[in-house]
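Chemist: Have a look at this one before I ask anything.
The values are calculated or read from the model by the stated rules, or taken from the named source; none is laboratory data. Computed from a prediction, not measured in an experiment: that's the story for all the values here. Backbone-built Cβ (ideal geometry, glycine too); neighbour counts: all protein chains shown.
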Amino acid sequence: MESGLDYHSARALLAWQIELGATDAICDAPVNRYELEARQPKPAAPQAEATPPRPKEVDPVEVAARAAAAATDLAGLKAALAGFEHCELKRGARNLVFSDGRPGARVMVIGEAPGRDEDLAGRPFVGKAGQLLDRMLAAIGLSRQDNVYITNVLPWRPPQNRDPLPAEMAMMKPFLERHVALAQPDLLIAMGNFSCEALLGKRGITRLRGTWTEAMGKPVMPMFHPAFLLRQPVQKRAAWSDLLDVKARLDGQ
Ligand code: URA
């Protein structure tokens, strides 16, 4: 036999196959099904489900604008800020720093962002710069206890006191606008470059300071930031002149 089997062995094998139930020959040559299986193409990976449409990306500025507009008083605005989840600064901060002083005061000071002391205390301008601010205000008869209201462009401390990012300022601006509208001051003092950027869309405090301008429907006096004055005491003379301008305006001159 061509297969190399003798007649008796081949017959015994056939008989064994018949016993197993293989009674019909389907094709001329035998098929090794084990080999066949190995060669079979792998079943195609199940088709990925049609990707559901991605949820529309939220625009943090839009969310902020809606949340701020819904606030009808300062407590509501503070709660809206506390519930705003689109600013990463919130995750690194210990406290929300909303405001200090007298709501409804004629003067509203707008600083830049909380530092370490403010983050710990949950109040703006409580560190060295804040103490200088208090002395500056006292020089023209103002104080946060009696007649000044204070907030910042950013309500959470940036890590390592880094500069505010444009995206952070943009998403906080609707809250700041609403803050001014609800606090209803007669005038704003913009402390430093980032405050000017948020309020006036401009930087360059050396050029801007000392000249009244307008933002958010209020007169604005841009001034050197007290932290800058601590580093550059020679500029206190300019700050003094700006404070006198503020006083003159309050006195109706
Ligand atoms: N500097 C600011 O601008 N704001 C603060 O609250 C403290 C320091």
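Chemist: So which residues in the range 116-126 are within 9 Å of the ligand (Cβ to nearest atom) and closer than 10 Å to residue 100 by Cβ?
Modeler: Within the range 116-126, 118, 123, 124, 125, 126 qualify.
Chemist: Right, here's the next one. State yes or no: is residue 190 of a type outside the set (Ser, Thr, Tyr) and buried (at least 24 other Cβ atoms within 10 Å of the Cβ)?
Modeler: Numbers: of a type outside the set (Ser, Thr, Tyr): yes; buried (at least 24 other Cβ atoms within 10 Å of the Cβ): yes.
Judged against the criteria, residue 190 is a match.
Chemist: Within the range 80-99, how many residues are loosely packed, with under 15 Cβ neighbours inside 10 Å and aliphatic (A, V, I, L, M)?
Modeler: Result for the range 80-99: 1.
Chemist: Which residues, counting only those in the range 194-253, are more than 25 Å from the chain's Cα centre (by Cα) and of a type in the set (D, E, K, R)?
Modeler: 207, 209, 214, 218, 231, 236, 237, 242, 245, 247, 249, 251
Chemist: If only one of 111, 104 is within 14 Å of the ligand (Cβ to nearest atom), touching a Pro at 6+ places or on another chain (Cβ under 9 Å) and at pLDDT 95 or above, which one is it? Don't jump to the end; show me each part of the working.
Modeler: Details: 104 fails: within 14 Å of the ligand (Cβ to nearest atom).
Answer to the selection: 111.
Chemist: Under 8 Å between Cβ atoms, at least 6 apart or on separate chains: pull out the pairs that start in the range 182-202 with a residue that is within 24 Å of residue 79 (Cα to Cα) and end on any residue that is in a helix (DSSP H, G or I) and of a type in the set (D, E, K, R).
Modeler: If the second residue must be in a helix (DSSP H, G or I) and of a type in the set (D, E, K, R), the pairs left are 198/173.
Chemist: Can you tell me which residue among 80, 129, 71 is modelled with pLDDT of 95 or more and near the ligand (Cβ under 9 Å from one of its atoms)? Talk me through it step by step, then tell me what you get.
Modeler: Values: 80 fails: near the ligand (Cβ under 9 Å from one of its atoms); 71 fails: near the ligand (Cβ under 9 Å from one of its atoms).
Of 80, 129, 71, the one residue that is modelled with pLDDT of 95 or more and near the ligand (Cβ under 9 Å from one of its atoms) is 129.
Chemist: Something else now. Go through the range 144-236 and tell me which strands (runs of 3 or more DSSP E), entirely inside it, have 2 or more residues that are within 15 Å of the ligand (Cβ to nearest atom). Quick ask: steps written out before the conclusion?
Modeler: On the way: elements: 148-152, 187-191, 213-215, 218-223.
In the range 144-236, the matching strands (runs of 3 or more DSSP E) lie at 148-152, 187-191, 218-223.
Chemist: Taking the range 100-116 on its own, how many of its residues are under 19 Å from the mean Cα position of the chain (by Cα) and surrounded by 19 or more Cβ atoms within 10 Å (Cβ to Cβ)?
Modeler: Going through the range 100-116 one residue at a time, the tally reaches 5.
Chemist: On the given criteria, is residue 138 more than 16 Å from the ligand (Cβ to nearest atom), of a type in the set (Gly, Ala, Ser), over 30 Å from residue 252 (Cβ atoms) and outside any loop (DSSP other than H, G, I, E, B)? First the steps, then the outcome.
Modeler: On the way: more than 16 Å from the ligand (Cβ to nearest atom): yes; of a type in the set (Gly, Ala, Ser): yes; over 30 Å from residue 252 (Cβ atoms): no; outside any loop (DSSP other than H, G, I, E, B): yes.
So residue 138 does not fit the description; no.
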